[in-house]
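Report on the structure given below.
Taken together, the values in this text are just the output of simple stated rules run on the coordinates, not laboratory data. In this text, all values refer to a predicted model and were calculated from it rather than measured experimentally. Methodologically, a virtual Cβ is constructed for each residue, glycine included, from the backbone with ideal geometry; neighbour enumeration extends over all protein chains shown.
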Amino acid sequence: MPTVYTEVEVDVDLSDFDTDDLVEELESRGALPIDADADAKEIVEQMYQLRRLGKPYDHLLARLFYSVLGKIV
C-alpha cells in the first residue's frame with residue numbers, strides 16, 4: 001500500500017484560540033513565562049525595592065535562580 005503525503009496551508013490567528021487552551025499548550029511544553037510563578041515575581045519585586053534604596057540584593061538573586069532554575073549558585 002503506497003504512502004501519500006499532503007501539504008495543507010491554513011490561516012490561523014491567535015484570537016481564534018481560547019486563552020485557557022494557549023496556557024495549557026504552554027504548560028505542556030514547559031514554556032510558561034516567569035510571571036506565572038508568583039514566588040519569582042515576589043522576589044523580583046523585593047529586588048527592585050532594594051535596588052531603588054541602594055541596598056544589596058544578592059541573596060534574593062540566588063533565591064530567584066533557585067526558584068526559576070532549581071539550581072543553587
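Where does helix 19-29 land angle-wise versus the long Cα axis of the chain, in degrees 0 to 90, nearest 10? Computed tilt is about 80 degrees. For the chain, the Cβ-based charge dipole about the Cα centre amounts to some 1100 debye (Lys, Arg positive; Asp, Glu negative; other atoms uncharged).
Subtracting the Cα-Cα distance of residue 20 and residue 42 from 0.36 nm times their residue separation leaves 5.5 nm of extension gain. Computed from the Cβ-Cβ distance with R0 of 22 Å, the FRET efficiency linking residue 10 to residue 31 stands at 0.50. I need the Debye-formula profile for the chain: one equal scatterer per C-alpha, no solvent, reported as log10 I(q)/I(0) at q = 0.18, 0.20 1/Å, two decimals. With no solvent term, the Cα-only Debye profile gives -0.84, -0.92. Annotation note: trypsin sites (Lys or Arg not before Pro) in segment 36-73 located in DSSP loop regions with a Cβ neighbour count of at most 11 within 10 Å are 71.
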